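As structure tokens, the structure follows; a few thoughts come after it.
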Amino acid sequence: MVRTERPSHTLKILSTKVRGLRTNIGDLTHNCVLRHSADVDMVTETWLNNQVEPTFGKIRGYTQCSRRDRPERAGGGVAVCFMEGVQAQHLDVVPPPHMEVMFFRVVLADRSAFCCVPCIARHVREPPRSSTSLGPWTT
């Protein structure tokens, strides 16, 4: 595949809702990630769990996927991988329980940086007149 040169201060970010990575990995890889030469591939609704090996879904030329699976039931889950050479650092941020989210600091060739955040926010309903606050994650 021929990769076109882009300015050093730009990235191509692909964000997809796959509704099952195990059944859609081929389509995602060939028709999306490789076809568009994505620098960052963020995937939601992976539907993976801890029984799926961590190396599942490795795309040649890309880093191993970082995943946050939905632990308590089927569905959900987020994953992200970066084209080899992209400088990305996983940030250790503890999310609220109703979110599947990961934070990454991505540094571009010109030394500028941004935060990359693949996430899913599950619907959380507070009881009427509840004094419980869900915090800043719901705004």
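Worth pointing out:
- Residues in region 68-82 carry Karplus couplings, in order, of 10, 7, 7, x, 8, 7, 5, x, x, x, 10, 8, 8, 9, 10 Hz; the curve used is 6.51 cos²θ - 1.76 cosθ + 1.60 with θ = phi - 60°, and Gly or Pro positions show x.
- Amide H to amide H distances under 5 Å link K12 with D39, V40, where only residues 5 or more positions off or on other chains count and H is placed in the peptide plane.
- Scalar couplings 3J(HN,Hα) for region 49-66, obtained by applying the Karplus form with A = 6.51, B = -1.76, C = 1.60 to θ = phi - 60°, are 9, 6, 7, 8, 4, x, 7, 4, x, 5, 9, 4, x, 10, 5, 4, 5, 8 Hz; x denotes Gly and Pro.
- Across region 13-123 the C-alpha pair distances fall into 10 Å bins from zero in the proportions 14, 48, 32, 6, 0 percent.
- Each label was represented as a point 7 Å from its Cα along the Cα-to-Cβ direction; for T10 and V52 these points are 3.2 nm apart.
- Relative contact order computed over region 13-123 (Cα-Cα under 8 Å; 6+ residues apart), in percent: 22
- Estimated inter-spin distance, A74 and H98, nm [label 7 Å along Cα→Cβ]: 2.5
Each reported figure results from applying straightforward, stated rules to the coordinates on display, with no laboratory input. Note that the structure is predicted; figures quoted are calculated from it, not measured. In this analysis, Cβ positions are derived from the backbone assuming ideal geometry, glycine residues included, and neighbour counts consider all displayed protein chains.
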